[in-house]
Amino acid sequence: MNIFTDDMSKSVQNTFYYPEMADRRGREMPPLNLFFEFADGARSLVVCEQTSGWRSMPFNLIGFQMAGRPEEPAYRVEVSGERDRLVPGGELFLIPGGTFHRITNIAGRPFFCAWLHFRLTVLQSLEIADLYQLPPKIGEPAAERLRRILLTLVDTPSPGDLHEAVQLQLLGGELARELLTLAEPKEISALWHSNMYRMLPVFKRLANVENGRPATAELAAAANLSASRFLAIFRSLTGTSPGRYFEQGRIRRSCILLRSSRLTINEIADRLGYADAFHFSRHFKAAMGVSPSAYRAKNWHF
C-alpha cells in the first residue's frame, strides 16, 4: 500500500530517476512508490549509564529523551568508523539501518526515552538512506514536529482492522515527509541506475526469507551475470554481501514473528532456516543487541 502524496513521491523521483535511464531495450524503472514499515517502538525508562551494546539492526532507529533539558547531553551515540556524537535532550538521534552502533545514557540520571524502529523503502527493497543522507541529529523546529509524530506512532496499537492500518501508514507518511525535508540527496550515476534495474529480480528473491537462502549461482543467473561480476555489483549497490543482506531480512522477519505471533523461538528458528534456536538467538542478539525472548518481552530500552 503506497500512502505517500504525489509531492513526496516526486521528491524521490527527482533524486532517483532520469528519463535517460531507460535501458537499451526501451524498458524503464518501475514506479518509485514509497513504503513505510513500523517495526517496533515504545516509551522506555533508561537508567544511568545504560547502553544498548554494540549492534547493527536491520531497521532505522529514531528516538529522543522525553522531558529532556535542551542543552544537557542525554546520549552518547557511537558509530563504527565515526567520531562519537553527543545528543542533547532537546534533539532527536537518527541511525540508519545496518549501521554498527552503540547508544549510552550520559545524562547522569534516569529518564524516559521514546524510540521507533522503522523502514522507508522504494522498489520494495531499496532503503531511503541509500538515496538520501539522513541527519544524525535533529534540532528545532523539526524536532518538535517529529516528537509529536513519534509519540503518536509508539502509542498506536497494532492495527486490528483496515482503518487502523491506514492510520498507521498515514503517520508513517508524516514521518517520511519530515525526514526527506531534512535529508540531502546523494549523487546517483547512470551506471547505478542500470545496475539497480538488473538486480530487481535478485532483491525480490532475497526478500523471500522463508524459502531458504539462495545460492550465489542462482542469484547471478537471475541478474544474467557471472558470479564474480554479480557479487561486485551487488556490493556496490548495497554495501554488503548477498548473504549478509539475506540475514538482515531474516532478522527483520523474526522481529515481526516475535512481536505478532505465538510461535515459540524454536519454531521461528526452524521456520527461518536456522540450524536451531541457539544459532538463531546468537544471530538475533548480534543484530538487535538483545535476545529474542527479551525482544518479545519488550525487556529493552531502544
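Assuming R0 = 30 Å, can you tell me the calculated FRET efficiency for the pair LEU182 and ASN224, based on Cβ-Cβ distance, to the nearest 0.05?
The formula returns an efficiency of 0.20 here.
With a cut-off of 17 Å, note down the residues of region 244-264 whose backbone N falls inside the zone around a label point 7 Å from the Cα of GLU37 toward its beta carbon.
Of the residues in region 244-264, 244-261 have backbone N under 17 Å from the label point off GLU37.
Select from region 187-294 those trypsin sites (Lys or Arg not before Pro) which occupy a DSSP coil region and have at most 14 other Cβ atoms within 10 Å, ordered by residue number.
Those that pass, being in a loop and sparsely packed, are ARG262.
Which of the trypsin sites (Lys or Arg not before Pro) found in region 79-166 are loop residues per DSSP with 11 or fewer other Cβ atoms within 10 Å of their Cβ?
Those that pass, being in a loop and sparsely packed, are ARG83.
Magnitude of the Cβ-charge dipole of region 180-271, K/R +1 and D/E -1, about the Cα centre, nearest 20 debye?
With only Lys, Arg, Asp and Glu charged at Cβ, the dipole is about 100 debye.
Can you compute the radius of gyration and Dmax for region 67-111, using only the Cα atoms, both in Å?
Answer for region 67-111, Rg first and Dmax second: 10.8, 31 Å.
What size of dipole, in debye to the nearest 20, comes out for the chain about its Cα centre when the only charges are +1 on Lys and Arg C-beta atoms and -1 on Asp and Glu C-beta atoms?
780
For region 106-184, what does the equivalent ellipsoid look like in terms of its semi-axes, each the square root of 5 times an eigenvalue of the Cα gyration tensor, given largest first in whole Å?
The three semi-axes for region 106-184 are 22, 20, 12 Å.
Taking the solvent-accessible surface of protein heavy atoms with a 1.4 Å probe, what is the per residue accessible area of region 176-302 in Å²?
51
Could you work out how far apart the two model spin labels at SER291 and HIS163 are, taking each label as a point 7 Å from the Cα in the direction of the beta carbon, and quote it in nm?
For SER291 paired with HIS163, the spin-label model returns 4.1 nm.
GLU210 versus ALA142, label points 7 Å from Cα toward the beta carbon: distance in nm?
Between GLU210 and ALA142, the label points sit 3.7 nm apart.
Could you check the simple spin-label distance between GLN50 and ARG262, using points 7 Å along Cα→Cβ, in nm with one decimal?
Taking the two extended label points, one gets 3.0 nm.
Across all directions of projection, what mean area in square nanometres is found for the Cα convex hull of the chain?
If you wrap the Cα atoms of the chain in a convex hull and average its projections, you get 16.2 nm².
When only alpha-carbon atoms are used, what values of Rg and Dmax, in angstrom, describe region 189-239?
Cα-based Rg and Dmax for region 189-239 come out at 10.7, 34 Å.
Under 16 Å Cα to Cα from LYS137, which aspartates and glutamates show up? Leave out anything in the same chain fewer than 8 places away.
GLU71, GLU72, GLU78, GLU82, ASP84, GLU91, GLU178, GLU184
The values are calculated or read from the model by the stated rules, or taken from the named source; none is laboratory data. In this text, all values refer to a predicted model and were calculated from it rather than measured experimentally. Cβ atoms come from the backbone with ideal geometry, glycine included; neighbour counts cover every protein chain shown. Accessible surface is based on the protein model in full, side chains and every heavy atom, while ligands, DNA and RNA are left aside. Shrake-Rupley method; radii C 1.70, N 1.55, O 1.52, S 1.80 Å.
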